[in-house]
Every structure is written in structure tokens, then in C-alpha cells.
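Novice: One structure follows; several queries about it will come next.
The values are calculated or read from the model by the stated rules, or taken from the named source; none is laboratory data. All figures in this text were calculated on a predicted structure; none of them were measured in a lab. For neighbour counting, all protein chains shown are included, and Cβ atoms are generated from backbone atoms with ideal geometry for every residue, glycine included.
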Amino acid sequence: MRQPAAAVLPFGKSAESKRMHSSASSGLEMHGTTILCVRKNGKVVMMGDGQVSQGDMVVKPNATKVRKLGDGRVLAGYAGSTADALTLMERLEGKLEEHEGQLMNACVALAKDWRTDKYLRRLEAVVLVADSKFSLKVTGLGDVLAPNGGVIAVGSGQPYALAAARALSGQEDLSAEEVARKSMEIASELCVYTNNHFTMHSLDVEEEESEA
């Protein structure tokens, strides 16, 4: 049977609620961590916590879940199985090379493979990526989700970080880094699977692109 191609969808309120319900039922969404991406005032920032949990036990407090790909031009973070996520990161780097650094095309190709490949579709992780133009969430459901409002998050602390970042983004005196840090601090206080050992990476963005 022919599998559907990857869908590029806006990450608004209705789409978000539907995807969260669908992803949670398949075990893809509520992984114990928080990754947040904020795009504001010519800057895109991605921040993640360092906690690795196994059931109710914290097995590592300082894992690195956010990194740079594609010669430093792409930010990437993940929630879910570390081994599965690293496999997907390697695949994404290959897709970036194949598509000459075009993040959207690379993510659509990755999502299509993830959805249709017998091995890849068993991987349990959610990947968050960003470059100078796009912030995207890629899932094993075959979706590539783009945010409304320049803020996107994944993981068990997603509701807290996302709500805080959306509220704080309206404060003109706060930079993208400050919005991300304050939001992650709130998430770490409310989500037991998220700690305050943060890793952050950022990229400069042209103003007109950040508001597109």
C-alpha cells in the first residue's frame, strides 16, 4: 500500500492539539525532557535541559540534547530515545547534504523516510530543527510542523515552556535568549522530567526572515 508523503503543517492551536493527541497515543510526544526554540528580533535560539530519566529515576543530569548541524547553520534538538534521535540526526545531516543545505526540503525528505521505512518508523524521538529561515518539528507520523508566532517546543515540559515563551515574546525588552531561558526555568520548575542544566545554541537571522 502506498504511504502518504510528509505533510508540512502550520503549528497553530488546532493543529497542535490534534498532533499532541495523535503523537501521545503513539508514544512519540511526551518524552521526558524539554526543548524550546524561540525566534525573535533577528535571532533564533534553541535551548534544552540535560535530564535523562528512566522511569522515575534520573540517570543523567547533564546530557546534551541540542547541537549544531550542517556546518553550524542548523540548530537541532530532540526528545525521546537518545540512540534513536542520534540516528535521525545522522539521517538529517545526510539529507541536508543531499538538498544543498535547504532545511525545509531536507526535513520533508526525512519525514517521508521516517514514515515509510520499516526500520526508521520504529524510532521513538521527536526532532526540533531551525535555521535562518525556518523552525520545524519533525515527527515519525510523517509531519513537518512549522510554528505560528516564532515559538516551538517538544517534550514533556512543552506545555509550560511554550506557554511561557509565547507570553514573554510580547515583551519588547526581552531578547530571544532571555525569553528562552526564562521559559525553560519555568518548565524546569513545573515538569519533574526537566531540570535546569541548560544547553543553548543560537543563530543570527535577518529581521525580515525572522518575521516571515
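Novice: If I ask for residues that are among the hydroxyl-bearing types (Ser, Thr, Tyr), assigned to a strand (DSSP E or B) and out of contact with any Gly (no Cβ under 6 Å at 6 or more places or on another chain), which ones from the range 45-103 would you list? Spell out how you get there, then give the answer.
Specialist: Taking the range 45-103 as the starting set, the residues that turn out to be among the hydroxyl-bearing types (Ser, Thr, Tyr) are 53, 64, 78, 81-82, 87.
Now narrow it down to the ones that are assigned to a strand (DSSP E or B): 53, 78.
Scanning the range 45-103 gives a single hit, TYR78.
Novice: What are the residues in the range 173-193 that are farther than 27 Å from ARG73 by Cα, of a type in the set (Ser, Thr, Tyr) and part of a loop (DSSP other than H, G, I, E, B), if any?
Specialist: TYR193, the sole residue that qualifies.
Novice: Among the residues of the range 103-110, is any over 20 Å from LEU203 (Cα atoms), in contact with a Cys (Cβ under 6 Å, 6 or more places away or on another chain) and in contact (Cβ under 8 Å) with a residue 40 or more places away in the chain?
Specialist: Pass one, the range 103-110, residues over 20 Å from LEU203 (Cα atoms): 108-110.
Applying the additional criterion that residues be in contact with a Cys (Cβ under 6 Å, 6 or more places away or on another chain) yields none.
No, the conditions are met nowhere in the range 103-110.
Novice: Report whether or not ASN148 is loosely packed, with under 15 Cβ neighbours inside 10 Å and within 25 Å of GLY32 (Cα to Cα). Give the derivation first.
Specialist: Details: loosely packed, with under 15 Cβ neighbours inside 10 Å: yes; within 25 Å of GLY32 (Cα to Cα): yes.
The answer is yes for ASN148.
Novice: Could you check LYS133 against (1) of a type in the set (Lys, Arg); (2) closer than 26 Å to LYS118 by Cα; (3) more than 14 Å from the chain's Cα centre (by Cα) and say which number it fails?
Specialist: For LYS133, the failing item is (2).
Novice: I'm trying to understand the selection: among the residues of the range 112-134, which are within 13 Å of ALA85 (Cα to Cα) and either assigned to a helix (DSSP H, G or I) or not β-branched (Val, Ile, Thr) (or both)? Walk me through it before giving the result.
Specialist: Within the range 112-134, the subset within 13 Å of ALA85 (Cα to Cα) is 114, 120-129.
Of everything in the range 112-134, those that are within 13 Å of ALA85 (Cα to Cα) and either assigned to a helix (DSSP H, G or I) or not β-branched (Val, Ile, Thr) (or both) turn out to be TRP114, LEU120, ARG121, ARG122, LEU123, GLU124, ALA125, LEU128.
Novice: Consider the range 94-133. How many of its residues are crowded, with 16+ Cβ neighbours inside 10 Å, out of contact with any helix residue (DSSP H, G or I) (no Cβ under 9 Å at 6 or more places or on another chain) and either under 22 Å from THR64 (Cβ atoms) or at pLDDT below 90 (or both)?
Specialist: Of the residues in that region, 1 qualify.
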